[in-house]
1. For each of A:202, A:337, count neighbouring Cβ atoms within 10 Å of the residue's Cβ, then give the residues from fewest to most.
2. Rounded to the nearest 0.05, what FRET efficiency is calculated for residue A:277 and residue B:144 with R0 set to 56 Å and r the Cβ-Cβ distance?
3. Only Cα pairs within less than 10 Å get springs; with that Gaussian network setup on chain B, which residue of B:281, B:42, B:199 has the largest fluctuation?
4. Taking 8 Å as the Cα distance limit and 6 or more residues as the minimum spacing, I'd like the relative contact order of chain A as a percentage.
5. What does the structure give for B:182-188 when I average, per residue, the other chain Cβ atoms found within 10 Å of the residue Cβ?
6. Would you mind ranking A:127, A:223 so that the residue whose beta carbon has the fewest other beta carbons within 10 Å leads the list?
7. Which of B:181, B:94, A:285 has the fewest other C-beta atoms within 10 Å, and how do the rest follow up to the most?
8. How much of the DSSP beta bridge set in the protein assembly as shown is antiparallel, as a percent to the nearest 5?
């Protein structure tokens, strides 16, 4: 058949290429600017000693989709608290509500000492949370579910009210003199994201409309935002709902020749740089690190000292915190470590 | 996958032993019928229809800059739709194509940053990795005889997990670090993600590559021996093998071609956005396949063209951006898109039926 020289040369091609790549590295084509070398200074995140309380296990179950920078920060917060409190942290996540309920059941089966859970789709978790209660496992809520955590019998809640955050952003837009804004939603049908835009709409005195983009395809996000800016020359502010989309929106503004300002929810390390440069007006930060940290720490405090944050009546709000030119320097240091 | 539809491109191959009834190949056909029997005619008419529709419905589409935006969106889909279409003509398809794009840009971004080397090093290694993923797909497929659906679904899942886990392991975050201040970045950006001025309109370089690749693919498909092999292995693998077509070679190289496309689009993404989130790319594979199918390639293989997917991708970009340009209620966005695409495919189908009716 075709087991001729074709096959052989094909088999060797990758090896040859690899060897060539290695040779090139040795030949010294290291970058004189940027890269890991330039960034290698400073320590790795907060550390506050270590508790000598008995080892306990906490399950953190979120609705994270894989590869999202936001949830990575939540998890880092939870890990920092776990390290400090002598807690074994079991992290699991699934954006599908039914699957998330199964993960909570899994935690109950493991007989963990506490569960921290996000309530993106509260109804789906109702029955499994009842089982946790019956098993005597304390449960705290974080991030989403501000309206439902008490109803579902959770002990305490750490997060931001998405509508309140939206309202705060809307007010800030008024102060900045915005008239026509567009709210860029990167995931059609996501309740929390829609609530943010609704919140902005509530307080914003100008006109605002929603724009859906395909969040898994950045070139598509860029061209859709560019198209919107070209279609409507009156747009003076773009509101994005995640840091990576804000960065892309800035490029779209540049390319469409628009004068629009970009404001966003949530932070990451590239974004703080853009605020410093003035490319992005401001960001509303809900401090995801704090949410993860406090949820784990809250469970530890309950077990070891019987404390309730918010007394079991009030939620603990982690945002909205504004990051703009005035305070970005202080925040940037933490964002560069991926913790803010 | 009937032999009848394979007519034109296969004329120079030794005739594959197929059904022996008169299938139209021996009969003289009028020029009109021959033109309409081309796979890309339906999609061409569909694209024109969609284009004219938005020209009327959305005034801002008439601006040259708007067209550049539409073409940009089309090009990033279209560059991948080309190898995906060739693979489909060759009788296989690739579900890992969407995450393969992100895998490639993650590789280049992380390698350059972590080793602090010139970004071209990352670009080269990413090419090797992308071609290797393609070769792996093709090799497993030929070795095991499993359907490409299963093999590439597995690769899709593997890549999705590896993208996330390795990125997290290496960078400590789920996104790569910004490489825009490193050596070679400006050069690479000029090659993969620059734009140039045509009559006052900024056109992205990807549009140019898209058309060049399409011309190249058309030439390969219609004028080379390799092109004939593609049609032959897609039409009937066993018959092709019987007449001496190197089936294994053809299929593996087709998968590697998809790898090359993924690398190219991946490099574009890396150098236009400086950093990549590891969760991106999921779902894109279906859009590439859709563009190829709308472009007249049969899901069953053996039939299609390289120019059809160009119109398919254009139509996708046009509808996608046209809805925004028209300022329609965005809640209906996906529904509009679906209806438009279905309409386009129906036009496509109708034209093909009309042309091949006897």
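All of the numbers you see were taken from the coordinates with simple rules; none came from a lab. Bear in mind that the values here come from a model prediction, so they are computed numbers and not experimental data. No Cβ is skipped: glycine too gets one built from the backbone with ideal geometry, and neighbour counts run over all protein chains shown.
1. With the sparsest Cβ surroundings first, the list reads A:202, A:337.
2. 0.60
3. Residue with maximal mean-square fluctuation among B:281, B:42, B:199: B:199.
4. Relative contact order comes out at 18 percent.
5. The shielding value for this peptide is 3.
6. A:127, A:223
7. B:181, A:285, B:94
8. Counting only bridges with both partners in the protein assembly as shown, antiparallel ones make up about 20 percent.
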